[in-house]
Amino acid sequence: MGLPSELGVGLQGAGGFSPEVPSFPNGYHICEVEIDPETGEVALDRYTVVDDVGTVINPLLAKGQIQHGGVQGAGQALLEDVVYDPDNGQLLTGTLIHYGIPRADTLPRVSVDFSPVPSTTNPLGAKGVGEGGTVASTPTVMNAILDALAPLGVTDVPMPATPERIWRAIRKRAGG
């Protein structure tokens with residue numbers, strides 16, 4: 001049924017909006033880690049995010065974007081490394097068989113909550129949600145690692161913070 005086609009009503013639409021001033025999402029990430037000083041193995045115990053993305057239009061999608069961005073950033077901090085053969089320059093981590101990416105058993109559940117402050121620069125009050133999880137999670141995980149290692153005198157671990165790199169940093173500070 002529906003309206004007659006001669007009325008020109010359909011299911012399409014077009015429009016555009018260009019704000020004069022951009023909006024900026026913000027928030028905070030908290031990561032708790034445990035590190036085995038004998039092996040350098042890192043266990044992420046808890047990861048929590050509270051973000052202000054303005055008016056949350058679709059909470060399920062927004063949480064999913066933030067969670068998966070957090071996983072991507074944690075993967076960069078802990079696993080992901082582009083490695084080349086030093087003798088011939090051949091890429092050694094060119095497939096997912098060799099390139100470290102996080103799996104479901106690598107990370108805890110990423111808990112997400114919102115603290116929305118609607119943007120005044122657009123009619124919906126929305127702010128960006130796409131990059132926040134990724135941008136914040138890498139330094140959050142690295143800072144949690146360095147905080148856990150601070151009592152041992154470790155102040156720097158190169159990324160990715162693999163167990164071997166952490167173990168070497170601990171041994172270096174211990175004098176051997």
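Annotations
- In this Cβ point-charge picture (+1 for Lys and Arg, -1 for Asp and Glu), region 22-174 has a dipole of about 240 debye about its Cα centre.
- Label-point separation in nm, N143 to D45, each point 7 Å along Cα→Cβ: 1.9
- The angle between the Cα long axis of helix 59-78 and the longest principal axis of the Cα atoms of the chain comes to about 20 degrees, rounded to the nearest 10.
- When Rg/Rh (Cα atoms, Kirkwood Rh) is calculated for this entry, the matching label among (i) 0.97; (ii) 1.16; (iii) 1.10 is (ii).
- Loop-exposed GluC sites (Glu not before Pro) per DSSP, neighbour cap 14 Cβ within 10 angstrom, longest uninterrupted part of the chain: 42-130
- With Cα atoms, 0 to 90° folded angle of helix 163-174 axis to the chain main axis: 50
- Which of R168, R109 has the fewest Cβ neighbours within 10 Å, and the rest in rising order: R109, R168
- Crossing angle, helix 132-149 versus the chain [Cα axis fit, 0-90 degrees, rounded to tens]: 20
- Which of P25, V129, A161, positive extreme of dipole for the chain (C-beta unit charges): P25
Computed from the coordinates by the stated procedures, all read-outs in this text should not be read as laboratory data. Quick caveat: nothing in here was measured; it's all calculated off a predicted structure. Every residue, glycine among them, receives a Cβ derived from its backbone with ideal geometry; neighbour counts consider all protein chains shown.
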